[in-house]
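The values are calculated or read from the model by the stated rules, or taken from the named source; none is laboratory data. Note that the coordinates shown come from a computational prediction; the quantities given were computed from them, not determined experimentally. As a convention, Cβ positions derive from the backbone with ideal geometry for all residues, glycine included, and neighbour counts pool all protein chains shown. Only protein heavy atoms, including side chains, enter the accessible area calculation; ligands, DNA and RNA are left aside. Shrake-Rupley method; radii C 1.70, N 1.55, O 1.52, S 1.80 Å.
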Amino acid sequence: MVRSISRLLAVVLCFQADIFCVVPKVSSDPLDPFISSERRPNIVFLICESTDGRTWQEGYQNSVIPLPNIHKLASPPGGAAFHRHYANAPVCCPSRATLWSGHHAHRIPHSHGRGECAGMSVNGAWNNYEGLPRNYTNRIDQVLSRSGGYDVYMSGKQDFSEGGHTLNVRMGSWTKQVRFPYDMSKTGGWRYDYAEVCRSNGTVLQGNRSAHQEDWNVLDNTLDWIRTKAANSSDNRPFFVYQGMNIVHPPYRTNKHYYDKIDPSKIDVPEWHDIKDMHPCDLQSSMLKGCIPSDDERDVVEQYYRRRNVRRIYYAMIAEFDAMVGRYMDAVKEAGLL
């Protein structure tokens, strides 16, 4: 039996790090008047990685990316898309921390709770090694569960707490202003030891086997939870379901099924800015990730057809994310929640 409280469904899609969020004012009832209504919506909240938000818009680059599910969600009368908004931070963990807490990055003081930095106090979430303290209790999901009467299910990538990233992230953050010696002509500048993404041609797996099977596995488990919840007529609580995807984060990988959905003749390959015209922070980030070629590498790295192919793989990954969104849409409809 489908409960009347479950006939409403809010689906929220976010792409890291361009995010839209409305955070209520703090009061005795943190979600008043939202949760005071008897028709509290079920919420499916999905976040994917490293996606240029323009790619989700109708007609982007000759409609090169098929996104039927995302476009359907964004269409009126039931949907909306926000194309002009700000993220509070330009990198993953601080951006997520601001979203989940409602605080600006410079208003997230915390002390590190583990590792070599245990006990170190930081005034804000400035880099990917910083985030919410691990004893934080006012994330969206926590408030909804505690004060909103929501049944909460969190799955997939979360990445909003401090200390979750690697040694190279700490090194890059703490040495950002250090003038390391480098020779751009010979080496393309100095870079992380993992910085080969910009030199890779991407990967296309043959057949239909996904290059992002972990995301699909998490999705299947999350949909099982939604179906079980919908079938439980004794539990009248609305639900808040979250999945964080690793797709579309580099390295760029797809399979032939999604690769063939992208027409290469529709892909616009932008010109790269001359190094002298780059902002210093952009230049440094490009060097760190290996995106500045040496003189010997330049002809290969900047080759037009190579860059178009990598862009095709990237677009194919976005199309695969759309298929994941479609699976959620089908599941909630089959469960009688739409």
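Against the criterion of being surrounded by fewer than 18 Cβ atoms within 10 Å (Cβ to Cβ), acidic (Asp, Glu) and not in a strand (DSSP E or B), Glu116 qualifies. Of all residues in region 301-338, those that are farther than 29 Å from Ile226 by Cα and among the hydrophobic types (A, V, I, L, M, F, W, C) total 3.
Quick one: which of Asn123, Asn42 is surrounded by 12 or more Cβ atoms within 10 Å (Cβ to Cβ) and modelled with pLDDT of 85 or more?
Asn42
Of all residues in region 279-314, those satisfying the criterion of being assigned to a helix (DSSP H, G or I) and of a type in the set (A, V, I, L, M) are Leu283, Met287, Leu288, Val300, Val301, Val310, Ile313. For region 211-234, check the following and say yes or no: at least one residue is at positive phi, modelled with pLDDT of 85 or more and in a loop (DSSP other than H, G, I, E, B). No, that holds for no residue.
Among residues of region 60-88 that are over 18 Å from Ile47 (Cα atoms), those with a beta-carbon under 6 Å from a residue that is in a loop (DSSP other than H, G, I, E, B) and open to solvent by 70 Å² or more (accessible area, probe 1.4 Å) at least six positions away or on a different chain give the pairs Gln61/Asp268; Pro66/Lys261. Scan region 252-276 for residues that are at pLDDT 90 or above and open to solvent by 30 Å² or more (accessible area, probe 1.4 Å) and the total you get is 12. One residue alone among Gly156, Gly102 is closer than 29 Å to Ala230 by Cβ, at pLDDT 90 or above and open to solvent by 30 Å² or more (accessible area, probe 1.4 Å), and that residue is Gly156.
Within the set of pairs 6+ apart or on separate chains, which have a first residue in region 245-271 that is closer than 11 Å to Met317 by Cα, a second that is modelled with pLDDT of 95 or more and charged (D, E, K, R), and C-beta atoms under 8 Å apart? Taking only residues 6 or more apart or on different chains, the pairs are Asn246/Glu214; Asn246/Asp215; Ile247/Asp215; Ile247/Glu320; Thr254/Glu320; Tyr258/Glu320; Tyr259/Arg312; Ile262/Arg312.
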